[in-house]
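Student: To start, I am sharing the structure in question, which I have written as structure tokens.
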Amino acid sequence: MNGIICVNKPQSFTSFDVIAKLRGIMKIRRLGHGGTLDPMATGVLPVFVGTATKACDIMPDNTKSYRAGFKLGQVTDTQDITGEVLSSSDMPVSRDALEAVIPDFVGDIMQLPPMYSAVQVNGQRLYDLARQGVEVERTPRQIHVDRLGLAEYDENTREGVLEIYCGKGTYIRTIINDIGEKLGCGGIMTSLVRTSSGGFTLDECFTMEEIQQAADENRLEELILPIERVFASLPKLKLNEVQTRMYKNGVKLDISRVHHIKPDTEIYSVYGFDGEFIGTAFADHENGILRVAKNLT
């Protein structure tokens, strides 16, 4: 069994909890996930099965989208509703005032990783230090936010929902915390649903109960998506029979003899003469060769 199963991660589960549970349900140990979600979050968690685990760290599409509930007027140590309240504010915030600061958090921005995060500093996870009451100096990191929109907002309760489209490594609760800081009243995340990840959507996801039922009925294969879905955004190359055999054996191919190579493109998804997806290739234009980037067969 090889491919991807999209899980609608349940609340209170860590991403590793999902993997552990699936190992029991699917009776397979070789599993990996495509992007950590906080325990309080739900939504899209692509799980790589069998040989597909080789692709966990090379997904070409790292874009994600979220619907995040928030509340202004509070600051917590975790930047979300689960944490200890550090400060509160009664300052009113109008919709216009909120919408005026949102553009400051779109594009390439610098973000300071929260203490309650899996980021490592000197070999230690920040959340382990935070649980010990230790706060350490962190280095801001550049992240990219494609779109950030206010979907809902109640000026009376100062609660609402943001829709966020962003790249890898973005902490949504930190965006909300920073928006609250910019407004001068603080802000916390109250809920989080990941609506898409790496090209996979919530509509393609299965609950843990549905996966268990499929296993009980011996139809797990029906839930598995082909690994090539991960590389759908890459240009495709189809090799002839001789090239397929050579490529699978790790032989570098002459670019001039491979159809559809573009002078300005380096990474491709590769298919054999029989239509079988093989993996990804790197086009070294300087030396005129096509070499294996990742063999996924």
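Student: T170 fails exactly one of the following numbered conditions: (1) of a type in the set (V, I, T); (2) part of a loop (DSSP other than H, G, I, E, B); (3) not assigned by TED's automatic domain parsing to the domain that holds M110. What is the number of that condition?
Tutor: (3)
Student: Follow-up. Could you say which residue among K294, K262 is touching a Gly at 6+ places or on another chain (Cβ under 6 Å) and either loosely packed, with under 15 Cβ neighbours inside 10 Å or not in a loop (DSSP other than H, G, I, E, B) (or both)?
Tutor: Of the residues listed, the single one that is touching a Gly at 6+ places or on another chain (Cβ under 6 Å) and either loosely packed, with under 15 Cβ neighbours inside 10 Å or not in a loop (DSSP other than H, G, I, E, B) (or both) is K294.
Student: Would it be correct to say that S12 is part of a strand (DSSP E or B), touching a residue at least 24 places away in the same chain (Cβ under 8 Å) and hydroxyl-bearing (S, T, Y)?
Tutor: Taking the combined requirement at face value, the residue does not satisfy it.
Student: Within the stretch 207-220, can one find any residue that is in contact with a Ser or Thr (Cβ under 8 Å, 6 or more places away or on another chain) and either in the same structural domain as M26 (by TED's automatic domain parsing) or at negative phi (or both)?
Tutor: No.
Student: Could you say whether any residue in the stretch 210-222 is modelled with pLDDT of 95 or more, farther than 29 Å from K71 by Cβ and of a type in the set (G, A, S)?
Tutor: Yes, the stretch 210-222 contains a residue that is modelled with pLDDT of 95 or more, farther than 29 Å from K71 by Cβ and of a type in the set (G, A, S).
Student: A follow-up question, please. Quick one: E209 ticks every box in (1) among the acidic types (D, E); (2) crowded, with 19+ Cβ neighbours inside 10 Å; (3) closer than 24 Å to G3 by Cβ bar one, so which box is it?
Tutor: (2)
Student: Contact list please: Cβ distance under 9 Å, first residue in the stretch 42-68 and free of Cβ contacts under 8 Å to residues at least 24 places away in the same chain, second residue charged (D, E, K, R), pairs at least six apart or on different chains.
Tutor: T53/R30
Student: Return the residue satisfying two criteria in turn: it lies in the stretch 144-158 and is over 11 Å from L98 (Cα atoms), in contact (Cβ under 8 Å) with a residue 24 or more places away in the chain and not aliphatic (A, V, I, L, M), and of such residues it is surrounded by the most Cβ atoms within 10 Å (Cβ to Cβ).
Tutor: H144
The values are calculated or read from the model by the stated rules, or taken from the named source; none is laboratory data. Keep in mind the model is a prediction, meaning the values are calculated, not measured. Please note: Cβ atoms are built from the backbone with ideal geometry, for glycine as well, and neighbour counts cover all protein chains shown.
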